[in-house]
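Since the structure comes first, as structure tokens, the remarks are kept for the end.
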Amino acid sequence: MNEQNEKAASVNAAQFVIERAASRGDKLAGHNDAADRLTAAVEASLAEAFRALGLPMDEGSAAGLGELNGMFALDAGFVEFLSPIVSEKVRPIVDQFQEAVTANWSDQKQGRSSGVAANKRSADWAQRPRSVMARVLAAVLWRTTVRSQLANEYKSPAALSFRVAEQLADIMKPGANPLATVDSRCGSPAAGGIRFERPANIPLLDVETVERLLPRGATHLGESINAYRLLYWEISTAHAQILGGNPDGRTLHVEGGWSGLARVIGAGEGGDTREEIHSLVIAQGHLCWTWPDGTYGNLVSYGMRPPRNGNPAILTITLGDALLPYCVLERFGKSGRENREARRLVPVIPLPPFVGRNRDWSAEAAFHLRLVIEFRRRAVELSEHGGVLLPRGRLERIAETAALPTRLVPRVIDRWTRDGDDGPAVLSVVERDRFTLGPAYQGAHDFLVAGAKKEVSGRAGGVASRRRKRRKAGPK
């Protein structure tokens with residue numbers, strides 16, 4: 001089997017398991033990323049199983065393996081391969097497989113020699129080994145790893161600090177230039193801010209000269225949808241690693257260097273794409289976030305180990321604290337309006353389906369980010385009314401801040417309120433002009449509502465505390 005068939009076997013097995021889980025009422029099976037996550041896990045495990053079992057194997061070699069533990073030898077080897085990843089909750093899945101192949105082996109042997117039975121079962125393993133293993137692997141991996149990862153992310157989704165999200169939205173819209181963007185909050189120790197740090201080996205120069213010295217992508221983040229693909233991949237991958245218990249979860253390792261990074265974020269192939277991705281990481285490496293106490297650090301740092309001895313290049317990207325929201329919570333104090341605002345978290349949800357020309361996609365991504373920020377800003381309204389009121393005029397004003405032509409707003413909203421082959425609905429209409437996040441993003445919705453309830457509870461507690469203090473102080 002070639003790589004495409006391996007992918008197809010993983011996709012089909014994952015889809016089968018996800019559909020069964022959904023039919024049984026498992027809400028995590030409806031997660032917009034569930035099928036892709038499970039497919040990737042199955043594909044990786046298939047590759048490991050091939051190495052462990054010495055596959056692929058021709059039919060003659062397989063037939064010569066014979067019986068082991070009352071079943072065909074490769075079936076027994078696969079059961080042994082599953083042992084380290086099987087917990088008590090999925091033991092019945094493996095037991096069912098083992099019982100089925102044992103009974104099948106016994107049935108084939110009745111009235112025949114063991115060699116004939118081996119020839120029939122060996123044909124399955126020689127001709128379609130991935131299909132033999134994929135569905136069992138999908139069922140096991142869904143219940144042992146993928147589902148638990150999604151459950152953790154449902155409770156604690158990838159997110160950005162409200163202040164970081166706002167400033168990234170400012171500098172990542174089409175037409176924005178980090179070198180020229182000046183935010184009045186950047187110099188305020190109480191608020192923190194993003195600024196562009198000129199490379200150390202370039203003396204202080206005017207903006208135009210620095211732009212000429214750096215690649216275009218390093219100074220114009222909003223011109224390409226790949227800037228969003230890169231940022232969202234970095235945040236979500238690091239978050240998943242941290243939730244998975246990786247002590248160095250903020251560090252991302254990519255095989256294949258810049259080309260490998262372009263592939264993994266879905267940017268495609270080709271030299272131009274590779275150079276663009278390289279430029280975007282350069283930009284991230286020179287964007288600095290200033291903390292409330294005046295200290296600052298880069299959004300990312302990166303390094304490359306070149307290919308050697310037949311091994312591919314390894315690109316390493318390490319995320320700074322500003323892109324790790326739970327580090328942000330530790331940095332900002334709990335008191336003060338600006339600190340409370342900065343501690344609010346904006347969930348990072350996958351990029352939306354796009355409409356129109358490719359050149360408009362980055363503006364649509366910017367609009368999408370601005371809408372999620374709007375949902376976080378008005379999370380109390382979302383919690384109390386089931387949605388946020390966004391009449392046409394308000395949507396157009398948000399679009400303008402994202403450099404999205406207002407004429408595209410009706411088309412974008414129409415697409416984002418419907419499921420499609422290119423992605424699920426981003427929004428749901430609660431009532432006229434009132435929107436909430438679509439069903440595929442229920443976890444992000446619940447996260448926003450939970451944040452709103454904390455805000456309301458905090459306000460009530462603050463009011464009660466002030467009343468107690470006034471009563472204790474007595475009349476003046």
Count of residues meeting criterion [surrounded by fewer than 20 Cβ atoms within 10 Å (Cβ to Cβ), closer than 15 Å to R378 by Cα and among the small types (G, A, S)] in segment 423-451: 1
Identify the single condition in (1) of a type in the set (A, V, I, L, M); (2) touching a helix residue (DSSP H, G or I) at 6+ places or on another chain (Cβ under 8 Å); (3) without any contact (Cβ under 8 Å) to a residue 40 or more places away in the chain that A34 does not satisfy, given that it satisfies every other one. (3)
The condition from (1) among the β-branched types (V, I, T); (2) farther than 23 Å from D414 by Cβ; (3) modelled with pLDDT of 90 or more; (4) assigned to a helix (DSSP H, G or I) that V372 misses is numbered (2)
Wholly within segment 233-326, strands (runs of 3 or more DSSP E) carrying at least 1 residues that are modelled with pLDDT under 90 and surrounded by 15 or more Cβ atoms within 10 Å (Cβ to Cβ): 287-290, 296-298
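Condition check ((1) among the acidic types (D, E); (2) closer than 30 Å to P350 by Cα; (3) at pLDDT 90 or above; (4) surrounded by fewer than 18 Cβ atoms within 10 Å (Cβ to Cβ)) across all residues:
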site	(1), (2), (3), (4)
V42	no, yes, yes, no
M57	no, no, no, no
G66	no, no, no, yes
E80	yes, no, yes, yes
S122	no, no, no, no
Go through the residues of segment 49-72 one by one and say whether even a single one is in contact (Cβ under 8 Å) with a residue 12 or more places away in the chain, at positive phi and of a type outside the set (D, E). yes
Any hit, segment 395-407, residues being closer than 20 Å to L345 by Cβ and surrounded by 14 or more Cβ atoms within 10 Å (Cβ to Cβ): yes
Any chance you could count how many residues in segment 360-386 are among the small types (G, A, S) and more than 20 Å from P350 (Cα to Cα)? 2
State yes or no: is S383 polar (S, T, N, Q) and under 23 Å from I235 (Cα atoms)? no
Test for V86: is it over 24 Å from the mean Cα position of the chain (by Cα) and aliphatic (A, V, I, L, M): yes
Whether any residue in segment 425-439 is over 22 Å from S362 (Cβ atoms), outside any strand (DSSP E or B) and within 22 Å of the chain's Cα centre (by Cα) is what I want to check. yes
Go through segment 80-99 and give me each residue that's outside any loop (DSSP other than H, G, I, E, B) and over 14 Å from N69 (Cβ atoms). P84, I85, E88, K89, V90, R91, P92, I93, Q96
Only one of (1) more than 21 Å from N119 (Cα to Cα); (2) surrounded by 18 or more Cβ atoms within 10 Å (Cβ to Cβ); (3) small (G, A, S) does not apply to A76, and that is (1)
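The values are calculated or read from the model by the stated rules, or taken from the named source; none is laboratory data. The structure displayed is predicted, hence computed values, not measured ones. Glycine gets a Cβ as well: all are built from the backbone with ideal geometry, and neighbour counts include every protein chain shown.
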